[in-house]
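Laboratory data are not the source of any read-out in this text; all were calculated from the coordinates shown. All of these numbers come straight from a predicted model, not from anything done at the bench. Note that each Cβ is placed from the backbone with ideal geometry, even for glycine, and that neighbours are counted across all protein chains shown.
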Amino acid sequence: MKVGKIEYKNVMPIYYYADQGKQLEHVEFDTRIPAALNHAMATGEIGVGPISSFSYAENHDKYQLMPDLSVSSDGKVRSIYLFSKKPLEYLDGSRIALTSSSATSVALLKVIMHHFYQLQPVYQTMPPHLPSMLQEHDAALLIGDDAIRTKWTSTTPYVYDLGELWKKWTNYTMTYAVWAIRKEWIDQEQLALNELYHAFTQSKQQARRHLDPIIQTLIQDFGGTVTFWTDYFNGLKYDFGPKQIEGLEYFYRLAYECGLLHRPCQVETWTPEQPFVAY
């Protein structure tokens, strides 16, 4: 069974221990950036996996969402940044370069600019490379690993965390990625989906208790410090319950009012079977 996997480090708690488990030997993980996963899921190339929460809203008639699994934040997200040459309030009419890697962060920036600051910048999508993006633009949006690396080294005068801005203006959590299942898979792959879901949720729980191996792997392969990665993962929320759904549906309403969505969207979740427990 081909299962999507986001290329970025923010999903490691959900995959790290699941990938080590023998119960997923029949699973082939397809690792891509969010934009590519969004497309592969929408076309049916992949039947289950994480997608941008905005992509779910665009195609929600095709999907149900796994409960209790997301990439969310209740404030700073520390991997979605607007790098700007001038204060955000002065970006009206300015040119902003948008990463080509995602959908949610782009829509979130447009919602923030329109609803909360009443600004109308000119947007252009580009590959995620800050020096190139800022050559002819006043600001640039980066996400994921690109945003983390750039934040460590950038000397750009103004840097804004979109999760922090969303929390400031709405007091809601923000959900960036959700785990979607194409509806035709629900009947065809029910047993495999249950095994996959429980492996993911167990990995998430195990990562909460044993984060150190993940952090040491990241320091070795990616860089950073124990303090950075501890703050990073503790700031992210991997649940997807009523609190996250309420914040996400509010985001969808604002996106619809901005003209970014053709129709309002309400979240539809899948109901997994309880795992068998032998006594």
message = Can you tell me which of (1) of a type in the set (A, V, I, L, M, F, W, C); (2) in contact with a Cys (Cβ under 9 Å, 6 or more places away or on another chain); (3) not in a helix (DSSP H, G or I) is the one residue 107 doesn't meet?
response = (3)
ask   = Which one of these does residue 242 not meet: (1) closer than 26 Å to residue 82 by Cα; (2) out of contact with any helix residue (DSSP H, G or I) (no Cβ under 9 Å at 6 or more places or on another chain)?
value = (1)
remark   = A careful count of residues in the range 208-255 that are more than 21 Å from residue 52 (Cα to Cα) and over 18 Å from the mean Cα position of the chain (by Cα) gives 22
task = Inspect the range 63-77 for any residue being β-branched (Val, Ile, Thr), under 17 Å from the mean Cα position of the chain (by Cα) and within 22 Å of residue 249 (Cβ to Cβ) and give the result as yes or no.
result = yes
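Let's see how each residue does on (1) surrounded by fewer than 17 Cβ atoms within 10 Å (Cβ to Cβ); (2) within 16 Å of the chain's Cα centre (by Cα); (3) on the phi > 0 side of the Ramachandran plot; (4) touching a residue at least 24 places away in the same chain (Cβ under 8 Å):
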{"residue": "8", "(1), (2), (3), (4)": "no, yes, no, yes"}
{"residue": "11", "(1), (2), (3), (4)": "no, yes, no, yes"}
{"residue": "17", "(1), (2), (3), (4)": "no, no, no, yes"}
{"residue": "20", "(1), (2), (3), (4)": "yes, no, no, no"}
{"residue": "25", "(1), (2), (3), (4)": "yes, no, no, no"}
{"residue": "28", "(1), (2), (3), (4)": "yes, no, no, yes"}
{"residue": "37", "(1), (2), (3), (4)": "no, yes, no, yes"}
{"residue": "43", "(1), (2), (3), (4)": "yes, no, no, no"}
query = Inside the range 1-101, counting only strands (runs of 3 or more DSSP E) that do not spill past its ends, which hold 3 or more residues that are polar (S, T, N, Q)?
reply = 63-73
query = Out of (1) closer than 20 Å to residue 255 by Cβ; (2) surrounded by fewer than 23 Cβ atoms within 10 Å (Cβ to Cβ); (3) among the polar types (S, T, N, Q), the odd one out for residue 94 is which?
reply = (1)
